[in-house]
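The values are calculated or read from the model by the stated rules, or taken from the named source; none is laboratory data. Bear in mind the structure is a predicted one, so any value in this text is a computation, not a measurement. Quick reminder, even Gly has a Cβ in these numbers, built from the backbone with ideal geometry, and neighbours come from all protein chains shown. Note: areas computed on protein heavy atoms with side chains; ligands, DNA, RNA excluded. Shrake-Rupley method; radii C 1.70, N 1.55, O 1.52, S 1.80 Å.
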Amino acid sequence: MKQLSRKNLILVGLTLFSMFFGAGNLIFPPFLGQMAGKYVWIAMAGFAVTAIGFPILGVIAVAKSGGLDTLAKRVHPIFAFIFTLLIYISIGPALAIPRTAGTSFEMAVLPFLWEGANVTVIRPLYSCVFFLIAFLVSLKPEKLTDLLGKFLTPCLLCLIAIIFLLCLYRPMGSYGVAMGQYAKNPFTTGFLEGYQTMDTIAALNFGLLIAINIKARGVQDEDCVVKETMKSGVIAGVVLICVYAALAHMGALTSGQGYVVTNGAETLTILVKFLLGNFGLIVLGIIFFIACLNTCVGLLCCCSEYFSGLIPKIPYRIWVLLFTVVSILISNLGLSKILRISAPVLQMIYPVAIVLIVLALIDPVIKRFCYVYPVTIGVTAIVSIVSVLSETNMMITQVGTVIQQIPFYSVGLVWFLPAVISFVISILISLVWKHSR
């Protein structure tokens, strides 16, 4: 078989969507809408670049390059090892996987606990049950399309659609005034908010798992697998933009109502209680549970596949078990702590991932310039790391002062101009080196 049937292609596309659409994807668009108010669609455009555009381009770039490791080795083998390891740790047991349990607990369990309930006991119990389910599903990664694509994702989309249609029928209000950074720079604030979904770095790994599912449905030729992976990425991107737009609109409807919220979970809670009363909390809890479970399973599979290949003596199932146990422990730190930890880590990794994806997409044009990958990626990485260390007061003041003078520092894009300049310089260096040989 050279290509998937239309039905199977849609199912694989929905599977990829479900792997992307987890904890952060539910939290951030409504909060963006609530904070951006009348500027919601400008902010949404920025959010779409980093939360939809680059993730889908990442899937395509990795598929065309023959895998993340092959792509990253264009920079340097040592970089490939360190960068790939950091990505898998970030989207795996260190941050993203525990976040799925933390978010689903706060939305699917916490609102229904009785007064005086011992949360410190109930949270670990819930984490164990949640991760036990994820562990059992993750044992057969080639079967993800059957569970995620055919069953859980359609249920999730139907529930979100119901709430969205109720918002159209009975809107809570109108778009209010933008707040915070959204009032000053709605596009760039939305752009940076997209980092929190972790989807661009996750996309660099999901391609492998999607390829496994495509092969399980009869497509064996590697070139055909790449093409079908790209098609499924486009399908996932279309569904993502529709769902994000709906969630952002719903959040924006609460912006003029005077509510003070700290995250998108609170925004959605206010909205569903207005629409459906306490029953709305049940619906919202189910939505969060399904979305978080989908992503948790996808990440467990990806990380376990990678590490079982890195250390073949430890089989895939043992890695799944190990990551499950570690994620249970970290998830009990609580959602707020996990989000605080993830922000600076993502600000270091995300710019490198974005630049690497861009270079991969234009590789046919630049591959004759041997210094483009190492110089451009190296400069981007250094600037991103130094910037974050400066912002968190972990670096000497003089260095922080220099970093702050770089254009776009104030909007969180300090890496952009150095990346462009280093790209141009690396081409010149490559031409000089080639000419001197």
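How fast does region 1-54 diffuse by Stokes-Einstein, in µm²/s, taking the Kirkwood radius from C-alpha pairs at 10 °C and 1.306 mPa s?
Calculated translational D: 121 µm²/s.
Between Rg and the Kirkwood Rh of region 124-206, both from Cα atoms, what is the Rg to Rh ratio?
We get a ratio of 1.09 for region 124-206.
Once the piece of chain linking residue 234 and residue 139 is laid out straight, how much longer is it, given 0.36 nm per residue of separation minus the C-alpha distance between them?
Taking 0.36 nm per residue and subtracting the Cα distance, the gain is 31.5 nm.
Hey, which of these cross-link pairs are over 23 Å Cα-Cα: 150/273; 231/313; 7/140; 64/367; 64/150?
150/273; 231/313; 64/150
Determine the sum of side-chain charges near residue 361: Lys and Arg each +1, Asp and Glu each -1, restricted to other residues whose C-beta is under 14 angstrom from that of residue 361.
My count for the surroundings of residue 361 gives +2.
Quick check: at a probe of 1.4 Å, how many percent of the accessible area of region 227-321 sits on carbon and sulfur atoms?
So the carbon and sulfur contribution to the accessible surface is 71 percent.
Just to be sure I understand the model, the point goes 7 Å from the Cα along the line to the Cβ. What's the resulting residue 132 to residue 85 distance in nm?
Taking the simple label geometry, residue 132 and residue 85 are separated by 3.4 nm.
Could you state the accessible area per residue of the chain in Å², with a 1.4 Å probe and every protein chain left in place?
42 Å²
On the full set of protein chains, 1.4 Å probe, figure out the accessible area of residue 223 and give it in Å² to the nearest 10.
Counting only protein heavy atoms, residue 223 exposes about 110 Å² to solvent.
GNM, the chain, Cα, under 10 Å: largest mean-square fluctuation among 374, 407, 30?
Of the options given, 407 has the highest mean-square fluctuation.
Take region 187-338, compute every pairwise Cα distance, and split them into 10 Å bins from 0; I just need the percent in each bin.
Result, from short to long distances: 8, 27, 33, 22, 8, 1 percent.
So, how do all the Cα-to-Cα distances of region 84-141 break down into 10 Å bins, in percent, from 0 on up?
Distribution as computed: 20, 43, 28, 8, 1 percent.
Net charge near residue 3, counting Lys/Arg +1 and Asp/Glu -1 over other residues with Cβ under 15 Å of its Cβ?
+3
I need the calculated FRET efficiency for the pair residue 161 and residue 7, taking r as the beta carbon distance and R₀ as 22 Å, to the nearest 0.05.
My answer for the efficiency is 0.60.
How large, in percent, is the carbon and sulfur part of the accessible surface of region 47-138 at a probe radius of 1.4 Å?
73 percent
Where q = 0.28 Å⁻¹, what log10 of I(q)/I(0) comes from the Debye formula for region 231-286, counting one point per Cα?
With no solvent term, the Cα-only Debye profile gives -1.10.
How large, in Å, is the chain by the Kirkwood hydrodynamic radius built from its alpha-carbon pairs?
Taking the inverse mean of 1/r over all distinct Cα pairs, the chain comes out at 22.3 Å.
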